[in-house]
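Just so it is clear, none of the values below were taken in a lab; they were calculated from the coordinates. The model shown is predicted, which means the values in this text are computed figures rather than measured ones. As a convention, Cβ positions derive from the backbone with ideal geometry for all residues, glycine included, and neighbour counts pool all protein chains shown.
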Amino acid sequence: MNAAQLFVKALENEGVEVIYAVPGEENLDLLEALRTSSIRLILTRHEQGAAFMAATHGRLTGNPGVCLATLGPGATNLVTGAAYAQLGGFPMLMITGQKPIKKSKQGRFQIIDVVDMMQPLTKFTKQIVNVDRIPGNVREAFRRAREERPGAVHLELPEDVAAEPADLSRTPLFAISHAHLPQTDDKLIDEAAAMVRAAAYPLLLIGAGAQRHQVCHALGRFIDETGFYFLTTQMGKGVVDESGPLFLGTAALSENDYIHCAIDRADLIINVGHDVVEKPPFFMEHSGKKVIHVNFSSAEVDNVYFPQLEMVGDIANSIKRLGAVLGRLNQDFSYFHRIKEHLDEHLREKIADESFPLKPQRIVADVRRVLPSEGILALDNGMYKIWFARNYLTHKPHTVLLDNALATMGAGLPSAMEAARLFPERRVMAVCGDGGFMMNSQELETAVRLNLNLVVLVIRDEAFGMIRWKQETMGLTDFGLQFGPVDFVLYARSYGASGHRVERARDFAPLLEHCFSQGGVHLVDVAVDYSENMKVLGEELKEKVCLI
């Protein structure tokens, strides 16, 4: 046995079943060890694709996804994926190779300090220099990746170390620890309940940190039993079913939306799963609001966020116990009820509009029609993300894979691919802009090779639409953000996928239904009318919200 084989044994010990990879010559001993292991190797067309798939594996399963790249340019291509997992709170292990460290054979060719490069982007990064330390290094990497708050970790296995002899009897594998999260004190539960009872307009805000399966169930019961009105951040979507009467919307805009009316009126906010990577939909400076922070860890305090009470520990446990003490709320929530009525009316606008190019509202509504409650939507980053965050009602956890942390373009397709691979029985759709799609569009070949059932919706405006919208809202001249067209139908077919183009609004939903029914990989090109960005999001909402 050599060190590479011991490394793979340690990965198997952690329950790793698949590795996403673009290997290089410095990984060949590791590649050979994987060949005879129980771990499946999935070759991607770019290291970003491997990292996004691994991060999504961690996001959906709670177990760190694993990706592999070589040294130098292979490692630098993982950087965006590292930041994506780290900011998003997705557990992921990156493995990179390196030239021999004990005897140089090529000077500085391709050599950069990858461990140092990964330092600010990961929870843990280490070069393996001692064969006997491999089991401990792997165990520590997985512990750090999975532990709250989850994130990215990195191990570098140099070429000469990988080839060294190893002895499993001398370096036994470590047992997997399953530590329990601490629980908040009874006194704090009672204090929180007293604050809620004393408030006139208590409100529940659900953030990214609540995206854990046990938390989802506990929060759903808490809302049903207490009657709390709630809203979510973008990455809190789906924690609780949004089709019920108590949902007041998602914080997709910074201001001038219906949720801001509710926030302005609220005098107490229970902030569950607050994550500092997401822009908060409220500020505490001069508002006089009281905030109860419910999370796995204490709050990072700054000038706009300084909660008066912190319930630190297992979120599900905290919420369950708070609900038991509170019982049914008896405050007058008529104002929140009116907000809900106005929001529902607003979300029905233009969902059947027949104009072409399609209105964003029609696109969102038709996608919602063809995706069942358990269907998974993986959003890339662009203007459509705001429309889907506001208008797409989510029914189950982890059915909207939205990135509002790094908010990188290019992640939507690989994320959807991993969702489709993990859940082949469910309908999965990637939604990408024509700009973001082209950043990792080569992974269409990977999707076809893996025999995935996947629909890729490319929303076409031939521009970087979100930045163009921001440019317009700032009163600047339209400049520097438009590009030429791509024949996405032919492009998809060149990879062996099916390509389709929408020509009329009425054909959109039936085409999506056809693609899902047929199976395989389909790309659907739909032109969008983004004049609605300024008209609705910039002007209409400003005029009519909070006049309730």
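Shape class for the range 360-428, computed from the alpha carbon gyration tensor (a ≥ b ≥ c): oblate, with a/c not under 1.5 and a/b at or below b/c. Shape analysis of the range 13-159 places it in the rounded category; the axes a ≥ b ≥ c from the Cα gyration tensor give an a/c below 1.5. Placing one equal scatterer on every Cα of the range 186-339 and applying the Debye formula, the log10 ratio I(q)/I(0) at q = 0.12 Å⁻¹ is -0.42. Only Cα pairs under 8 Å and 6+ residues apart enter the sum, and on that basis the relative contact order of the chain stands at 13 percent. For the range 491-504, the Karplus equation 6.51 cos²θ - 1.76 cosθ + 1.60, evaluated at θ = phi - 60°, returns couplings of 4, 4, 5, 5, 9, x, 8, 8, x, 9, 10, 7, 10, 9 Hz by residue, with Gly and Pro reported as x. Judged by a Cβ-Cβ distance under 4.7 Å, the unpaired cysteines of the chain are 67, 216, 432, 515.
Hydropathy first: keep DSSP H helices in the chain averaging at least 1.6 on Kyte-Doolittle, then drop any whose Cα extent along the axis falls short of 27 Å, and list what survives. Helices meeting the span and hydropathy rule in the chain: none at all. Summing Lys and Arg as +1 and Asp and Glu as -1 over all other residues whose Cβ lies under 11 Å from the Cβ of residue 431 gives a net charge of 0. Taking other Cβ atoms within 10 Å as a rough exposure proxy, 342, 274 sort from fewest to most as 342, 274. From helices alone, the chain scores -10500 deg cm²/dmol at 222 nm; the rule is -39500 (n - 2.57) for each run of n ≥ 4 DSSP H residues, then divide by the residue total. Distance between the 7 Å Cα→Cβ label points at residue 354 and residue 329: 4.3 nm. Going from the residue with the fewest nearby Cβ atoms within 10 Å to the one with the most, 215, 301, 545 rank 301, 545, 215. Using a simple spin-label model with pseudo-atoms 7 Å out from Cα toward Cβ, residue 264 and residue 279 lie 1.8 nm apart.
Estimated from the Cβ-Cβ distance and a Förster radius of 25 angstrom, the FRET efficiency linking residue 299 and residue 140 is about 0.35. Here is the link list: 290/320; 350/535; 126/279; 279/542. Which ones come out longer than 23 Å on Cα distance? Flagged as over cut-off: 126/279. With Rh defined as the Kirkwood radius, the inverse of the mean 1/r over Cα pairs, the Rg/Rh of the range 88-196 is 1.18. Suppose R0 equals 30 Å. What FRET efficiency, 1/(1 + (r/R0)^6) with r the Cβ-Cβ distance, do residue 108 and residue 170 give to the nearest 0.05? E between residue 108 and residue 170, to the nearest 0.05, is 0.30.
Which shape class applies to the chain: rounded if a/c is under 1.5, otherwise prolate when a/b exceeds b/c and oblate if not, where a ≥ b ≥ c are the square roots of the Cα gyration tensor eigenvalues? It is oblate, given that a/c is not under 1.5 and a/b is not larger than b/c.
If both residues of a DSSP beta bridge must be in the range 404-543, then about 5% of such bridges are antiparallel. For the range 224-320, the list of GluC sites (Glu not before Pro) that fall in a loop by DSSP and count at most 13 other C-beta atoms within 10 angstrom reads 255, 285, 300. Applying 0.36 nm per residue to the separation of residue 181 and residue 445 and subtracting their alpha-carbon distance, the gain on full extension is 90.9 nm.
Loop-only trypsin sites (Lys or Arg not before Pro) in the range 446-548, please: DSSP not H, G, I, E or B, and at most 16 other Cβ atoms within 10 Å. Those that pass, being in a loop and sparsely packed, are 504. The antiparallel fraction among DSSP beta bridges confined to the chain stands at about 5%.
Over the Cα atoms of the range 348-540, the radius of gyration divided by the Kirkwood radius equals 0.94; this is the Rg/Rh ratio. Extension gain for the segment residue 194 to residue 37, taken as residue separation times 0.36 nm less the Cα-Cα distance, is 50.9 nm to one decimal.
The simple spin-label model puts a point 7 Å past each Cα toward its Cβ; for residue 422 and residue 126 those points are separated by 2.6 nm. Neighbour counts of other Cβ atoms within 10 Å put 216, 432, 515 in the fewest-to-most order 216, 515, 432.
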